[in-house]
Each structure stands twice: as structure tokens, then as C-alpha cells.
Amino acid sequence: MISVRDSLKQLESLQKNRTYYFILSGRYEALALDELTSLLKAFNAANYKLYHYTQLALVESSDVSTSTLQSIAARAGLIKEAGLVLALSDGNDAHLLEDLDVIRLVGRRANKTSIRGASNCGAEILENYVSGVSEPQARIGVARIVCTEGIGVMGLTLAKLDTKDFKHREPSKRPFFRSIALPVYLSRTLVNLTAIRSGTILDPFCGTGSIAIEAALIGFRTICIDLDWTIVRGFHRNLKYLNLSHVEQIAGDARSLPLASSTINGAATDPPYGRAASTHREKVGELYSKFLAELSRVLVSGGRAVFMAPHWLSERVERLINEMGFRKISRRYLYVHGALTRLVYVVEKH
């Protein structure tokens, strides 16, 4: 790690090999890290080095810019803040930035504090660095220190996740509500895991529309399908409530999608498991087999499908992924309650 005392000597190197910090939500942190790498892919940051600490990711790349950070923050569900790294500390250095915001990341919590009575070394670093930054957007940032796992990162905050509208869109606030509907932050993250920047997103089990709503708000052409007419009509009420008129609704069957082959850029969905959501008398294993076969048909080559499955179906799902011509990108566990742990799969069509 770079000592803050020596950071003035490192400024030229930091400017040449830009390093950025990302504060990750402590809720589903592994999924937040996957969201970050997916969004870096979506915004064409192909060459980078990533370092992961508790709730903190550092990305060193010449492909990332201030506008990339702002685009990531605008789309994110679980990435709370992003900025430019000014200096790194081993955590034992007392010469930290005076009177600036500090976040101490402990487990799932982010406790904000302030440093008082420190030396002016940090202010000198900030003044020298900002005077040499070529991007004018960087000058409007807020200085920040992030402490986690014994390291300190001094940075310039350039983008933050805006969650003001999240509460307005939460499932319980919409006119058509079911208790199993996914929260906004998770729905948005599932969309981002498709790693596409533009194009068409499909949700073949749209339900009340949580995933499709987030996809449409991000700007994707969105197709949502459900077999239950009651659900389709209820979802239409939610679209009107949020003034979303460009979502294509279809009353149809995910086992036989009314879509042409190789026309969908990405898919994100939460299929029914037969408990709170009906499978319409189809065995759960057979349902997954048929809908994954259809996803493989309608996705473009290289397109990603993001879907959830109950933990007790994992062996069959793993087998189906291989049989249907997918490559597994990741699998993450989401604990729900004692009887259910969800698995979030990200797969890519060969």
C-alpha cells in the first residue's frame, strides 16, 4: 500500500494509472461486486485490475473515466459511491485528511465519522492533486476517506447512488402488489448483471413487474411476459402509475416464448418455485428445463441470462446450464429464511 506521507511522490503515477474506488453495499456484497464487474463490461472497461476489500473495490484502469463512474452510479442497485483515489494508507498512518468525511466500513454497516486534529498533510495532497487533474468534472468532487480491513483510501467522490426514487418504486408503494415481489435494489442489480449497455431485455416471468420496471427506467427496450392474465393486468396498472408506456407486455408462456430466435440481448427473471408463486401445475424442474431451453433459443450469441433458483434445485440447474449451451459466469447465494436460500445464476450463451 502507498503511505499517505509518500503520496505526493505518487501523484504522477496515480494520474497515469488511474485508480478508482467503489463503495459496495454490505447487503449481498458478493452480488454488488458482480454488479460492478458487469457494469465495467457494459461500459467497455476491458483492461483493469480489481482489488476487493470488505465493502470496497479498487479498480486500476486507463479505460475508466469520470463519465464511466457517473454512468455506473446512475444504473447501480448495490454500488453506493464511486470516486478517484488520491492516496492509499496502510491504516496505521495518522496523517489523514483533516475535517473531511470519513466512512468506516464494518461488516454490513457504513459508519460515518470525521477526523479532527490531524495534520494538514491531506489538504496539501488534495490541493496538489486537484490542480493537476485534467478532467474538469473531478474538481467538483467531495474529498473522502474510506477505512476498511486495515487500509485507508483517500479519494475524490465523483458519483453517488441516488436512492430517493427507490422508495417511491418499492413494490408495496405500487398499486398492484404481491408480497413476493423483489425490492428495487435487487431488481436493478439483476438487470445490470446482464452486462449490456443497450438493447432488449426480457423477463419471461414478469409478475408485478419489478425487474421489467427497472430495465425500462435504465433505458432498455423491455419485453415482459406472464401466463396469468390477472398478473398481466395488475402489472399494467403499475406501469401506468410509473408513467412507463414503452414496455411491451405479452400474456404468454415462458416455456414457449412468442419471440424470434436470437433477438434478445439479455434476460433477467425470477421464476416461480411453486410456493408463493404458482407454476401452473408444472413440476419445478421441468419448468426450468423448458424455460432455459427457450432462453437459449431467443438470446443472441454472447447474451447473458440472469435468473434465480431455489437452493434445492441447484444440481439440476447446473446440469441444465451445460445441456442448454450456456457458460456459467457466476452463482451467488441469497439467504431468504430457514426453508429457502435463493441462488442467483448469471450464464452466457455460447
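Bear in mind these aren't lab numbers, they're just calculated from the coordinates by the rules spelled out. Being a predicted model, the structure only gives us computed values, none of them experimental. All Cβ positions, even for glycine, are placed from backbone atoms using ideal geometry, and neighbour counts span all protein chains on display.
Couplings 3J(HN,Hα) for the range 73-89, derived from phi with the Karplus relation 6.51 cos²θ - 1.76 cosθ + 1.60 (θ = phi - 60°), are 5, 5, 9, 5, x, 10, 9, 7, 7, 9, x, 9, 6, 9, 7, 10, 10 Hz, where x marks Gly and Pro. In a fully extended conformation the segment linking residue 179 and residue 244 would gain 21.2 nm over its present Cα-Cα distance, using 0.36 nm per residue. Of the trypsin sites (Lys or Arg not before Pro) found in the range 276-350, those in coil by DSSP whose Cβ has at most 10 other Cβ atoms within 10 Å are 281, 283. Gap in Å between the Cα centre of the range 231-308 and the Cα centre of the range 314-333? Cα centroid of the range 314-333 versus Cα centroid of the range 231-308: 18 Å apart.
Please say if the range 164-349 is rounded, prolate or oblate, where rounded means a/c under 1.5 for a ≥ b ≥ c the square roots of the C-alpha gyration tensor eigenvalues, and otherwise the choice is prolate for a/b larger than b/c and oblate otherwise? Rounded shape, in that the Cα axes give a/c under 1.5. Placing unit charges on each Cβ (+1 for Lys and Arg, -1 for Asp and Glu) gives the range 223-264 a dipole about its Cα centre, and among 232, 258, 244 the Cα reaching farthest toward its positive end belongs to 244.
Show which lysines lie in cross-link reach of residue 167 when reach means a straight Cα distance below 26 angstrom and same-chain residues fewer than eight apart are skipped. Within reach: 80, 112, 240. What the Cα convex hull of the range 161-263 gives, in volume per residue, is 102 Å³. Label zone (residue 322, point 7 Å along Cα-to-C-beta; backbone nitrogen cut-off 16 Å) within the range 280-303: none. Secondary structure note: in the range 164-349, about 55% of the DSSP beta bridges are antiparallel. Once the Cα-Cα distance is subtracted from the 0.36 nm per residue extended length, the residue 111 to residue 281 segment shows a gain of 56.4 nm. Ranked by how many other Cβ atoms sit within 10 Å of their own Cβ, fewest first, the residues 179, 67 fall in the order 179, 67.
Taking a point 7 Å out from the Cα of residue 162 in the direction of its Cβ, the residues of the range 192-214 whose backbone N falls within less than 19 Å of it are 192, 213-214.
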